[in-house]
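One structure is given here, and the rest of the page talks about it.
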Amino acid sequence: MTSTLIRAWEEILKPMLKRPNRLQVAALCYRTGADGKEVLMITSRGTGRWILPKGWPVDGKDGPDSALQEAWEEAGVSAARISEKPIGEYNYTKYHDNGTEEPVTTLIFSAEVEQLTDDYPESAERNRQWMRPEEAATLVHEPQLQDVLRQL
């Protein structure tokens with residue numbers, strides 16, 4: 001009887017009660033130099049680990065425009081050509097200050113950087129650095145994001 005209840009919980013009830021993942025958008029900002037492509041990585045405010053500029057969709061903007069807004073605020077990308085469709089996605093768990101956590105799916109839009117500025121909203125809160133995609137893939141924690149970076 002106990003195994004039947006556990007199986008019913010795991011296979012029927014738990015999936016029905018699970019909320020869908022929240023959606024974020026990210027900009028995979030890149031440039032092409034003499035040695036090939038480089039990606040612009042930033043540090044997170046909380047842990048200081050390397051991430052892509054990302055955030056919640058902005059009211060009144062579509063996915064690509066929301067991703068560009070995040071690239072401006074978090075990395076100082078003032079002009080870029082962004083893909084209209086996502087080039088990939090990754091999943092992660094967002095940990096909130098109040099101790100709660102929620103599953104998030106992040107859509108990745110590629111953004112070819114045309115102009116970068118040093119004066120941007122979160123410049124005092126984050127570091128940014130251009131790096132080879134292979135190096136960036138070794139620094140991020142999410143396996144799906146590692147794969148997207150390695151394919152660049």
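The values are calculated or read from the model by the stated rules, or taken from the named source; none is laboratory data. This structure is a prediction, so every number in the text was calculated from the model and none was measured. We place every Cβ from the backbone using ideal geometry, glycine too, and count neighbours over all the protein chains shown.
Couple of notes before you dig in:
- The residue that is surrounded by the most Cβ atoms within 10 Å (Cβ to Cβ), counting only those in segment 56-72 that are touching a residue at least 40 places away in the same chain (Cβ under 8 Å) and under 17 Å from Glu114 (Cβ atoms), is Ala67.
- For segment 80-128, filtered to residues that are at pLDDT 95 or above and among the small types (Gly, Ala, Ser), the residue that is surrounded by the fewest Cβ atoms within 10 Å (Cβ to Cβ) is Ala124.
- Count of segment 90-116 residues, restricted to those that are touching a residue at least 40 places away in the same chain (Cβ under 8 Å), more than 11 Å from Leu28 (Cα to Cα) and acidic (Asp, Glu), is 1.
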